[in-house]
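Working notes, structure below.
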Amino acid sequence: MATDRCSRHVPCAGTALSTPAVIAHRGAAYDAPENTLTAFNLAWQQGVDGIEGDFHLTRDGKIVCIHDADTKRTAGQARKVAEATLAELRQLDVGSWKGAQWRGARIPTLDEVLATVPEGKQVFIEIKCGPEILPALKGALAGSRLPSGQAIVMSFDANVIAEAKRLLPQRKALWLTDFKADQKTGVRPSATEILQT
């Protein structure tokens, strides 16, 4: 009898019977310039379940979609996002590096990215700066048409997530982490450190 109980397969809720979601990292970044409206719209056309974008706060308090803290890699000019205004960043071409057909692509705002999200799909908002972005994020999400389950906040900064949970209790806020191996200390963070955080 004990053998029967041990040999039965009992699926875990939400895993064994679920279909994995397809999330377009920085939009359809293989086919179009990452973190642009073109990349996000193309991802929706390709049938994804959600998109992920990276967000920073500008000097004038606007939230823009760009991965790096500066514009060197995608625009060819080293402008620090936090020290530039939205108008200054909008002058930069962030498409040409990907190919001539993308010339003229601009850094989108969070509001523009949120407006692309179809009903029933999700957007994963990865915060790449600090908690200073969160009051503006709260305003943008409140002004969007997206229900709380469609917009998920993420960050590698545990302080950002703690503050997001305080300011946006109705939204999912996910702390991201990665592992680093060191010969002296082993793999960090440990499972215990992750759970404590």
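The values are calculated or read from the model by the stated rules, or taken from the named source; none is laboratory data. Note that the coordinates shown come from a computational prediction; the quantities given were computed from them, not determined experimentally. All Cβ positions, glycine included, derive from the backbone under ideal geometry; neighbour counts span all protein chains shown. Just so you know, the surface numbers come from the protein's heavy atoms only, side chains and all, with ligands and any DNA or RNA stripped out. Shrake-Rupley method; radii C 1.70, N 1.55, O 1.52, S 1.80 Å.
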Inside the range 148-187, can you point out the residues that are hydroxyl-bearing (Ser, Thr, Tyr) and within 18 Å of Phe124 (Cβ to Cβ)?
Ser148, Ser155, Thr177
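Which of the residues that make up the range 42-62 are outside any loop (DSSP other than H, G, I, E, B) and open to solvent by less than 60 Å² (accessible area, probe 1.4 Å)?
Filtering the range 42-62 for residues outside any loop (DSSP other than H, G, I, E, B) gives 42-45, 50-57.
Once the filter is applied, which keeps residues that are outside any loop (DSSP other than H, G, I, E, B) and open to solvent by less than 60 Å² (accessible area, probe 1.4 Å), the range 42-62 yields Leu42, Ala43, Trp44, Gly50, Ile51, Glu52, Gly53, Asp54, Phe55, His56, Leu57.
What tally of residues in the range 180-189 results from selecting those that are part of a strand (DSSP E or B) and either over 18 Å from Phe156 (Cβ atoms) or within 14 Å of the chain's Cα centre (by Cα) (or both)? Don't jump to the end; show me each part of the working.
Start the filter on the range 180-189 by keeping residues that are part of a strand (DSSP E or B), which leaves 180-182, 186-188.
Right, trim to either over 18 Å from Phe156 (Cβ atoms) or within 14 Å of the chain's Cα centre (by Cα) (or both) and you get 182, 186.
Residues meeting the conditions: 2.
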Flag if Gly76 is open to solvent by less than 40 Å² (accessible area, probe 1.4 Å) and not polar (S, T, N, Q):
no
Could you check the range 140-162 and list, in sequence order, the residues that are more than 19 Å from Ile51 (Cα to Cα) and open to solvent by less than 50 Å² (accessible area, probe 1.4 Å)?
Ala158, Val160, Ile161
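Each row is one residue, and each column tells you yes or no for (1) in a helix (DSSP H, G or I); (2) modelled with pLDDT of 95 or more; (3) loosely packed, with under 12 Cβ neighbours inside 10 Å; (4) among the polar types (S, T, N, Q).
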residue: Asp4; (1), (2), (3), (4): yes, no, yes, no
residue: Leu17; (1), (2), (3), (4): no, no, yes, no
residue: Pro20; (1), (2), (3), (4): no, no, yes, no
residue: Phe40; (1), (2), (3), (4): yes, yes, no, no
residue: Val64; (1), (2), (3), (4): no, yes, no, no
residue: Asp68; (1), (2), (3), (4): no, yes, no, no
What's the number of the condition Thr116 fails, among (1) touching a residue at least 60 places away in the same chain (Cβ under 8 Å); (2) exposed (fewer than 15 other Cβ atoms within 10 Å of the Cβ)?
(2)
Quick check: anything in the range 177-186 within 21 Å of Glu52 (Cα to Cα) and modelled with pLDDT of 95 or more?
no
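Would you point out which residue out of Leu134, Leu168, Leu174 is within 19 Å of Ile51 (Cα to Cα) and surrounded by 12 or more Cβ atoms within 10 Å (Cβ to Cβ)? Lay out the reasoning, then the answer.
Working: Leu134 fails: within 19 Å of Ile51 (Cα to Cα); Leu168 fails: within 19 Å of Ile51 (Cα to Cα).
The conditions single out Leu174.
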